[in-house]
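What follows is a set of notes on a single structure, which appears directly below.
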Amino acid sequence: MKLYKRTGSPYWWYSFTANGKRYRGSTKRQLADQQGAKRFLSEKYNNALNNSQFGEKAEITLEDAFWVTLSEVSGQTKRLYTSASNHLFDFFGKEKLLSSLTDIDIEQYVSERKRLRKKANTIRGELKALFRAANRVAKTHKTNRDLEMPKLKGFVKTRYLTDAEEAKIVTRLSTENTITDQKALNLFLVLIDTGMRLREATNLAWEDIDTKRSTIEVYRPKTESLSLVPITQRVLKVFEALKGQEQPFEKMEWAIKHLNRVIDGVCNNSPQKTAQRGKATIHSLRDTYATRLRKRGMPLSDIAVLLGHTTAAMSAKYAHLESSDVLETARSLLEG
């Protein structure tokens, strides 16, 4: 299944095989409208399958299943799934039929990736992409519905900033006082004090912010849900300073890159610490927010609400962090 260009034609053309029959033609979609051409191809393909003999499901290759899936995702998800598909193609071959995949095949793939010293989290992500592609086409194509996702235990690092690291970053961004530094500082303070993801913060509109109640209504693209988060006095001051803009954060590309560089320069100087605790990034500000709440005794179920997680299990990586009450009790027993 593919789209291609023909010399002299202003349109995308398509080519695919369904039930042993080859289909080719023009999508009637201009070259500038590749997404429209992809939608046309998907519809054409599904129609061909629906007209197949007695409604029997057609076979589909690993490559075509990923083509369908990748046409429906974007951004970081698309990049991760594209990378995963390339590794899967290298091992199974692009023409591998999804219906022929077995649990033994999956076990062999896992063994090979482990032999190449790939981490459990990496392998899990690749298999997650495979299972999503298989589930996406299962209604119209033959797949092995009995496949089971193997349980891979990986070490989950929760890289959070210490108070000292936070202070150094604030100082670094406050020293030069350029527009880029100020934008990066504003973003840093909002992220570390609200636990929002980067995209959630940069997509904020003024109507999402209630300064009287000191809350933000956050849209969570990852779960397609809304949730409220409280905001601190210093975040209120940030928003007050930005009131003249059309939205709280605008034209942030350079500021985001700059903030990443500053976090990296302050927090990732020690290879040993990086190996033990993980590399600090902008996402570490979200982990810092959750970690501080956990250390102060907040239950995982409440942290999950504030982070926009659909279940407390999604916040389980913070479960190992002891509350301050437990630490104080232990300290008093040891010193008593």
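Structure notes:
- Highlighted here are the helices (runs of 4 or more DSSP H) found entirely within the stretch 155-208 that include at least 1 residues which are free of Cβ contacts under 8 Å to residues at least 12 places away in the same chain: 163-176, 179-194.
- Qualifying residue in the stretch 258-272 (condition: more than 18 Å from ARG172 (Cβ to Cβ), in the same structural domain as SER174 (by TED's automatic domain parsing) and at pLDDT below 90): yes
- Among the residues of the stretch 10-29, those identified as modelled with pLDDT of 85 or more and of a type in the set (Ser, Thr, Tyr) are TYR11, TYR14, SER15, SER26, THR27.
- Single condition ALA255 does not satisfy, out of (1) touching a residue at least 24 places away in the same chain (Cβ under 8 Å); (2) closer than 15 Å to THR162 by Cβ: (2)
- THR288 in the same structural domain as LEU191 (by TED's automatic domain parsing), outside any loop (DSSP other than H, G, I, E, B) and under 25 Å from the mean Cα position of the chain (by Cα): yes
- A single entry from LEU259, LEU300, LEU306, LEU242 fulfils the requirement of being of a type outside the set (Phe, Trp, Tyr) and touching a Gly at 6+ places or on another chain (Cβ under 9 Å): LEU306.
- Residue count for the stretch 103-121 satisfying the condition of being basic (Lys, Arg), loosely packed, with under 14 Cβ neighbours inside 10 Å and part of a loop (DSSP other than H, G, I, E, B): 2.
- Condition check for ARG124: in a helix (DSSP H, G or I) and closer than 20 Å to ASP146 by Cα: yes
- Spans of strands (runs of 3 or more DSSP E) in the stretch 1-102 with at least 1 residues loosely packed, with under 13 Cβ neighbours inside 10 Å, of a type outside the set (Asp, Glu) and free of Cβ contacts under 8 Å to residues at least 40 places away in the same chain: 2-5, 21-30
The values are calculated or read from the model by the stated rules, or taken from the named source; none is laboratory data. Just so it is clear, the structure is predicted and the values come from calculations on it, not from any experiment. Quick reminder, even Gly has a Cβ in these numbers, built from the backbone with ideal geometry, and neighbours come from all protein chains shown.
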